[in-house]
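Comments concern the structure below.
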Amino acid sequence: MKPYARMEQFTINPIGTVNNTYMEPALTHQQGDLKLDEEILVETKTGKGQLSELVIDEAYAECLEGIEGFSHIMVLYWAHTLEAEKRQVKKVHPIGKKEFPKVGVFATRSPVRPNPICSTTVELVKRKGSRLIVKNLDALDGTPVLDIKFHHPSYDAPKEVIWPDWMHEVIRFFREKLK
């Protein structure tokens, strides 16, 4: 095994931005942990069922050719409202619920992480030139889009997935709140 070598920093340039009505995150960082604002969650459904527009920079419009042949795409984006000092948090309670064990941020989908890169698989509703209309994106309005990939069920949804018991409770919580 090669010894760990410190990687150099690098720059990622956004390829576009998110345009929608989702203005406030339901999940935020407060006092070293996560806090879920259930009112925002229920009001916005964290993007569930909502339409968003991905406004892709004209320089990348050609990269979209053929994307309309896919029903679902993965959108990678930067949680741009997270301040630098909050990127130092190492462990959190999933969705800010103290009844769940405190785990490392890499064991969560929280935007509170060293590099706030988030990913969501969304339904591609329509392509209009360099604009994509998508459904179920949980990114805020103005969020920088880093990349787009098509969703491939064979690669992106392994058949035998194992997760901890608390994750089942998180799913039940969201199903109840987002009915």
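Points worth noting:
- Condition check for L137: touching a strand residue (DSSP E or B) at 6+ places or on another chain (Cβ under 6 Å), assigned to a strand (DSSP E or B) and surrounded by 18 or more Cβ atoms within 10 Å (Cβ to Cβ): no
- Of all residue pairs spaced 6 or more apart or on separate chains, those with beta-carbon atoms under 8 Å, a first member in the range 70-96 that is within 26 Å of P153 (Cβ to Cβ) and a second member that is of a type in the set (G, A, S) and part of a strand (DSSP E or B) are M74/S119; V75/S119; L76/S119; Y77/S119.
- Contact map, the range 36-65: residues that are aliphatic (A, V, I, L, M) paired with residues that are in a helix (DSSP H, G or I), Cβ distance under 7 Å, separation 6+ or inter-chain. Pairs shown: L36/I95; L36/G96; L41/K177; V42/K177; I56/L64.
- Taken over the range 83-95, the residue count meeting the criterion of being surrounded by fewer than 19 Cβ atoms within 10 Å (Cβ to Cβ) and not polar (S, T, N, Q) is 8.
- Any pair with Cβ under 8 angstrom, 6 or more apart, that starts in the range 98-114 at a residue that is more than 16 Å from T28 (Cβ to Cβ) and of a type in the set (D, E, K, R) and ends at one that is modelled with pLDDT of 90 or more and surrounded by 20 or more Cβ atoms within 10 Å (Cβ to Cβ): K102/V92
- Qualifying residue in the range 56-70 (condition: closer than 30 Å to E176 by Cα and outside any loop (DSSP other than H, G, I, E, B)): no
- Any hit, the range 112-128, residues being closer than 21 Å to S52 by Cα, outside any strand (DSSP E or B) and out of contact with any helix residue (DSSP H, G or I) (no Cβ under 7 Å at 6 or more places or on another chain): no
- Hey, V42 modelled with pLDDT under 95 and either crowded, with 16+ Cβ neighbours inside 10 Å or in contact with an Asp or Glu (Cβ under 7 Å, 6 or more places away or on another chain) (or both) or not: no
- Cβ pairs under 6 Å, 6+ apart, first in the range 130-142 and more than 12 Å from P25 (Cα to Cα), second among the small types (G, A, S): S130/A61; V134/S52; N136/G47; L137/G47; L137/S52
- Set I56, I12, I67: member being within 26 Å of R131 (Cα to Cα), among the hydrophobic types (A, V, I, L, M, F, W, C) and in contact with a Ser or Thr (Cβ under 8 Å, 6 or more places away or on another chain): I56
- Pick from the range 49-60, criterion of a type outside the set (F, W, Y) and either touching a strand residue (DSSP E or B) at 6+ places or on another chain (Cβ under 6 Å) or surrounded by 14 or more Cβ atoms within 10 Å (Cβ to Cβ) (or both), ranking: modelled with the lowest pLDDT: Q50
- Inside the range 1-21, residues that are at pLDDT below 90 and either touching a Phe, Trp or Tyr at 6+ places or on another chain (Cβ under 9 Å) or within 21 Å of D138 (Cα to Cα) (or both) make up a count of 0.
The values are calculated or read from the model by the stated rules, or taken from the named source; none is laboratory data. Given the structure is predicted, the values throughout are model-derived calculations rather than measurements. Cβ: placed from backbone, ideal geometry, glycine included. Neighbour counts: every protein chain shown.
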